[in-house]
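Heads up: the structure comes next, in structure tokens.
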Amino acid sequence: MLKRLLALSLVVATCSLAPARAQDGAAPFDADLQRFAEILGTLHYLRGICGSNEGAKWRNEMQALIDAETPAGDRRTRLIAGFNRGYNGFQQTYRTCTPAAKVAIRRYLEEGSKISRDLTARYAN
């Protein structure tokens, strides 16, 4: 779990190292960031119903991502929409923690870690 959290933190750090670009211009890693935002939203919901006692941890990770990336306009809207899509999609599916929800959590943690590692490898200086 500690490795996964470290990987998520690396994404936030990587985003802050990204080269400056036009305010609404797309970054080459935007699709990955949007997927990452969706995963954070999913984890925020699923970890909450599965009694992880993490509070707003995943929402705070999303806020840290936005703070580090400082997206404007459509980029910001797309990232936030991704987070909300992840949260709302699973909120409609799961009302309680089930074995399937626990499997989903594990898979999303793995996918988020992979995205984090890939972004760090590609875009960190």
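Every residue in segment 69-90 that is on the phi < 0 side of the Ramachandran plot, surrounded by fewer than 17 Cβ atoms within 10 Å (Cβ to Cβ) and either of a type outside the set (K, R) or not in a helix (DSSP H, G or I) (or both), please. Scanning segment 69-90 gives A72, D74, T77, I80, A81, N84, N88, G89.
Counting the residues of segment 102-125 that are among the small types (G, A, S), more than 18 Å from Y45 (Cβ to Cβ) and assigned to a helix (DSSP H, G or I) gives 3. Checked against (1) modelled with pLDDT under 85; (2) crowded, with 18+ Cβ neighbours inside 10 Å; (3) small (G, A, S), A20 passes all but a single condition, namely (2).
Contact map, segment 50-65: first residue modelled with pLDDT of 90 or more, second residue charged (D, E, K, R), Cβ cut-off under 8 Å, separation 6 or more or different chains; pairs are C50/K102; E54/R47; K57/R47; W58/R47.
Exactly one residue among Y94, Y108, Y123 is buried (at least 16 other Cβ atoms within 10 Å of the Cβ) and under 14 Å from I39 (Cα atoms), and that residue is Y108.
Within segment 43-68, the set of residues being within 20 Å of E111 (Cβ to Cβ), of a type outside the set (A, V, I, L, M, F, W, C) and either in contact with a Lys or Arg (Cβ under 9 Å, 6 or more places away or on another chain) or surrounded by fewer than 16 Cβ atoms within 10 Å (Cβ to Cβ) (or both) comprises H44, R47, S52, E54, K57, N60.
The values are calculated or read from the model by the stated rules, or taken from the named source; none is laboratory data. Keep in mind that what you see is a predicted model, and the values were worked out from it rather than measured. Every residue, glycine among them, receives a Cβ derived from its backbone with ideal geometry; neighbour counts consider all protein chains shown.
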